[in-house]
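Working notes, structure below.
The values are calculated or read from the model by the stated rules, or taken from the named source; none is laboratory data. Computed from a prediction, not measured in an experiment: that's the story for all the values here. Backbone-built Cβ (ideal geometry, glycine too); neighbour counts: all protein chains shown. Surface areas here come from the heavy atoms of the whole protein model, side chains and all, with no ligands, DNA or RNA. Shrake-Rupley method; radii C 1.70, N 1.55, O 1.52, S 1.80 Å.
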Amino acid sequence: MIFTKNLITLTMKIKPILILILTVFISINSYAKIPVDGAPESGKITGIVTDASDNEFIPYATIVLFNKADSVQVNGGVTDDKGFFKLDKIPEGEYYMVINYIGYQKKIINDISVKKGMSSIDLGTLKIDKAVTDIEEVEIIAEKDVIEYKIDKKVINVSKKSVAAGGTVVDALENTPSVQIDAEGNVSLRGSSNFTVLIDGKPTALKGNDALKSIPATAVENVELITNPSAKYDPDGTSGIINIIMKKDFKTGVNGIVNASIGTGLKYNGDFTINYRKEKLNYFIGASYNNMPQNPSTEIDNEIFYNDTTHILTQTADRNHLMNNYNIKAGVDFYLDDSNTLTFSGDYGYWGFNLDMDAQLKEYTAPVSVTDYKRTLTELSIGGNYVNSNLTFDHDFSKAHDLVTSLTFSSWNGNNFSDVNEQSTDEFYLNPFDAYHNKSDRNDLNKDFSLKLDYTKPFGEKNKLEIGIQSSYFILNSDYTKSDQAYNSDIWIEQPEFTNEFEFYRLIHSAYTTFSSEFKEIQYQLGLRGEYTDRLLSLKTTDNEYSYEKFDIYPTVHLTKQLPKEQQLQAGYSKRINRPQPWNLNPFPIYSDSYTTQAGNPELLPEYTDSYELNYMKRFKIGFAALEAYYRQTNNGFERTINLSDDGIIQVGTENLNKNFAYGAELSGNFRFNKWLNIYASANIYSYNIQGEIVTETATVQSIKSDYVLNSTISFTKSTRLQLTGFYNAPTITPQGYRSEMYGMNAAISQDFFKNRLSVVIRGRDILKTMKFKFETQAENINTNFVFNMEYPVIVLNISYKINNYKKRQSESETPSDFGGGIM
């Protein structure tokens with residue numbers, strides 16, 4: 001087998017990286033343990049800053065140490081994601097400390113004495129209080145912004161987005177920086193749909209948009225957008241990572257949250273999460289169910305050119321979409337002792353999508369008109385069961401020095417079934433006199449295993465080394481059949497030219513290292529990841545095999561500089577990959593209708609993307625402003641191609657056709673102007689440039705696009721809020737055409753009862769009924785215009801109840817990181 005054959009090759013290829021990592025690690029540890037003769041003794045001061053009301057860690061709080069005698073600043077810094085700070089090289093003397101964080105009262109620690117021979121002072125846990133302002137007898141307490149900027153990511157606090165209540169993660173991501181969503185709910189990250197979705201930092205059986213559409217927003221604590229990940233992350237996803245942090249509480253006793261929603265068009269969903277913590281055990285269980293029907297409509301115009309004749313197809317269709325899924329999750333944390341934790345978690349669920357479409361088609365030619373009328377009845381069903389499970393062992397040697405081992409398994413067992421009945425009718429689409437009736441069936445079973453080891457070692461005062469290794473193995477079995485039924489007959493005949501079975505294997509071995517430190521008050525992290533990939537596509541029907549193996553290097557660089565007056569500058573670089581999926585590689589044609597087939601390309605190569613960022617943030621007393629500039633270059637770009645065969649069939653495929661560039665800037669800000677008004681606004685202006693072949697032509701295409709978002713939250717009282725969101729997405733190009741603009745407005749009003757235990761939200765999506773989009777495609781001998789009209793507006797009522805005032809602890813459920821760190 002190809003994997004056994006290449007085992008020795010693999011070992012030889014990754015051996016240099018492993019030796020390099022081991023050498024660096026041993027050298028640094030040895031260096032850290034060697035005392036330097038004559039080095040001046042100096043003390044250090046450490047502590048942890050938390051919220052006084054709920055003990056949550058406060059990240060990025062400003063710490064300043066002053067000389068008690070003359071109030072001259074001696075040292076300073078900021079807290080990390082766990083609220084921890086350390087000030088080193090403190091000479092003997094008397095000091096006081098000031099702690100500042102936006103939305104909190106200033107805290108002063110007096111009488112700090114560093115004496116001769118005293119190497120360390122631990123101030124322990126320092127609690128700070130939220131800022132409270134009395135304006136006209138109305139108490140305003142600072143709370144988290146809807147969107148927060150952290151050192152390596154943007155965090156969307158889903159619980160603060162009332163317009164997402166009763167929806168999915170897609171609704172939570174709508175109208176946020178770097179994210180675009182089309183009328184069908186498909187997400188793009190900075191213009192690209194190629195991103196990786198993680199749940200609590202771990203991979204999931206459902207991928208991309210399928211995962212985002214299946215998770216209810218009410219079950220999510222926050223969503224992290226990581227557009228320039230470090231080498232510690234898998235490099236998959238050319239535009240970055242969307243990490244979904246699920247709600248999970250860690251307080252002693254029983255805690256939980258229950259949500260239920262109902263909306264127009266028979267939309268309803270519900271979910272709950274229950275947590276029980278006692279001594280060294282923590283249990284949690286949850287479940288969710290979604291039933292989200294939609295009734296959009298479409299309009300299609302095709303022009304196909306044959307010499308001096310134009311063949312014209314027009315189609316209108318009413319569509320019934322049904323997205324339905326359920327999920328059951330459970331887990332347990334065993335706190336074996338102060339240094340060792342064993343965690344097991346898993347979830348089982350079903351994901352399904354059903355489409356019923358009634359289409360009316362008119363077909364004629366010009367200049368000689370021969371007109372045919374057809375009615376097409378289509379049933380499409382996609383669904384299957386999935387499993388995700390994870391076993392993790394975490395050993396803490398000391399503060400920030402730990403070893404984490406984890407085993408992850410996920411699987412998908414699903415079916416893709418279609419039934420297409422094309423009836424020839426009269427001009428009123430009645431009285432069928434002939435029909436082409438066919439059905440297709442595809443069964444997929446895949447399994448994904450991953451074993452990884454992550455080690456973190458701080459040394460010296462400001463240095464940290466991370467190393468890790470990982471092996472992942474993915475296998476897919478798929479079979480596809482198509483059958484035809486003659487008109488007025490009950491006999492189905494299988495079509496061998498469309499019958500196919502294939503197997504796909506992919507093995508990836510990887511190793512990474514990152515080194516973090518500080519040079520002249522510039523924090524930096526350097527990362528390097530090496531990956532060996534071995535894949536094999538086996539077509540059982542034809543006994544053909546297509547193999548591919550490659551070794552890749554992925555460097556990363558992240559720099560951060562804290563500037564005066566609460567300013568921050570950050571720069572980053574990462575290299576990413578988009579691997580072809582099995583269906584992109586399978587060369588067997590898949591039948592769409594009597595006019596269209598689609599097929600994969602077994603010679604398809606991965607896309608590689610170089611991503612650069614330069615970000616600036618300024619904090620004010622009433623909020624913040626951020627400017628993000630980015631540049632992304634992708635080589636071997638995948639593009640959807642449309643060709644016309646000799647027999648007049650439209651052939652849809654995928655090729656490595658071009659090199660594309662995306663670059664631009666995002667300006668955003670969040671400001672609470674007074675006791676009742678909070679405004680968030682963003683503008684994203686960028687250019688998308690395509691260079692290369694477009695089917696049979698060589699061309700350069702460039703477009704400048706802009707997206708705008710304005711979100712306002714009006715607080716009538718502490719428990720009554722109105723949220724309005726408007727957005728505009730400008731037109732953009734595609735390799736073979738054009739996509740129109742899209743704009744709309746969403747609204748939500750929320751009311752809390754019983755000291756915030758019960759919340760009621762009424763939200764309206766697309767209340768002006770403007771959300772739709774148009775595609776124009778121009779290829780050799782064919783022009784296509786496509787219009788998609790959504791069902792909206794939609795009104796949803798959501799009710800949420802917290803058991804024992806449920807509130808997630810940031811210290812336990814968020815993944816800490818430095819300069820873009822995360823999981824492997």
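Side notes on the structure shown:
- Residues in region 495-536 that are charged (D, E, K, R) and farther than 24 Å from K575 by Cβ: E497, E501, E503, E518, K520, E521.
- Condition check for G237: more than 30 Å from R619 (Cα to Cα) and either at pLDDT 70 or above or open to solvent by 20 Å² or more (accessible area, probe 1.4 Å) (or both): yes
- When Y306 is tested against (1) surrounded by fewer than 18 Cβ atoms within 10 Å (Cβ to Cβ); (2) free of Cβ contacts under 8 Å to residues at least 40 places away in the same chain, only condition (2) is not met.
- Residue count for region 265-299 under the criterion of being among the aliphatic types (A, V, I, L, M), open to solvent by 40 Å² or more (accessible area, probe 1.4 Å) and assigned to a strand (DSSP E or B): the result is 3.
- Test: S645 is touching a strand residue (DSSP E or B) at 6+ places or on another chain (Cβ under 7 Å) and without any contact (Cβ under 8 Å) to a residue 24 or more places away in the chain: yes
- Of residues in region 469-482 being touching a helix residue (DSSP H, G or I) at 6+ places or on another chain (Cβ under 9 Å) and not hydrophobic (A, V, I, L, M, F, W, C), the one nearest to F519 (Cα to Cα): Y473
- Only residues that are part of a strand (DSSP E or B) and either among the β-branched types (V, I, T) or within 26 Å of N636 (Cβ to Cβ) (or both) were counted across region 572-591, and they come to 8.
- Residue within region 269-291 that is under 13 Å from the mean Cα position of the chain (by Cα) and among the aromatic types (F, W, Y) present: no
- Criterion (farther than 20 Å from V78 by Cβ, modelled with pLDDT of 65 or more and open to solvent by 30 Å² or more (accessible area, probe 1.4 Å)) met by exactly one of K161, K115: K115
- D333 vs. criteria exposed (fewer than 15 other Cβ atoms within 10 Å of the Cβ) and in a strand (DSSP E or B): no
- Counting only strands (runs of 3 or more DSSP E) that fall entirely inside region 709-784 and contain at least 2 residues that are among the polar types (S, T, N, Q) and touching a residue at least 24 places away in the same chain (Cβ under 8 Å), the qualifying elements are 720-729, 732-734, 742-753, 772-779.
- Residue match in region 373-396 (condition: open to solvent by 30 Å² or more (accessible area, probe 1.4 Å) and without any contact (Cβ under 8 Å) to a residue 24 or more places away in the chain): no
- Any hit, region 307-319, residues being modelled with pLDDT under 90 and small (G, A, S): no
- Region 529-548, residues that are farther than 15 Å from D234 by Cβ, in contact (Cβ under 8 Å) with a residue 12 or more places away in the chain and either hydroxyl-bearing (S, T, Y) or crowded, with 17+ Cβ neighbours inside 10 Å (or both): D534, R535, L536, L537, S538, L539, T541, Y546, S547, Y548
- Restricting attention to region 92-109, the residues that are open to solvent by 70 Å² or more (accessible area, probe 1.4 Å), in a strand (DSSP E or B) and without any contact (Cβ under 8 Å) to a residue 24 or more places away in the chain add up to 1.
- Among the residues of region 222-268, the ones that are over 23 Å from the mean Cα position of the chain (by Cα) and within 30 Å of Y663 (Cβ to Cβ) come to 0 in all.
Residue by residue, here is whether (1) assigned to a strand (DSSP E or B); (2) modelled with pLDDT of 95 or more; (3) surrounded by fewer than 16 Cβ atoms within 10 Å (Cβ to Cβ) holds:
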site	(1), (2), (3)
N431	no, no, yes
H437	yes, no, no
S483	yes, no, no
L507	yes, yes, no
S516	yes, no, no
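- Taking residues in region 558-579 that are farther than 18 Å from S239 by Cα and open to solvent by 20 Å² or more (accessible area, probe 1.4 Å), and partners anywhere that are among the aromatic types (F, W, Y) and assigned to a strand (DSSP E or B), the pairs with Cβ atoms closer than 7 Å and at least 6 places apart or on different chains are L559/Y524; L569/Y616.
- Members of region 623-638 found to be at pLDDT below 80 and either under 29 Å from L569 (Cβ atoms) or open to solvent by less than 20 Å² (accessible area, probe 1.4 Å) (or both), listed by number: G637
- Residue that is surrounded by the fewest Cβ atoms within 10 Å (Cβ to Cβ), among those in region 63-91 that are over 23 Å from T50 (Cβ atoms) and β-branched (V, I, T): V72
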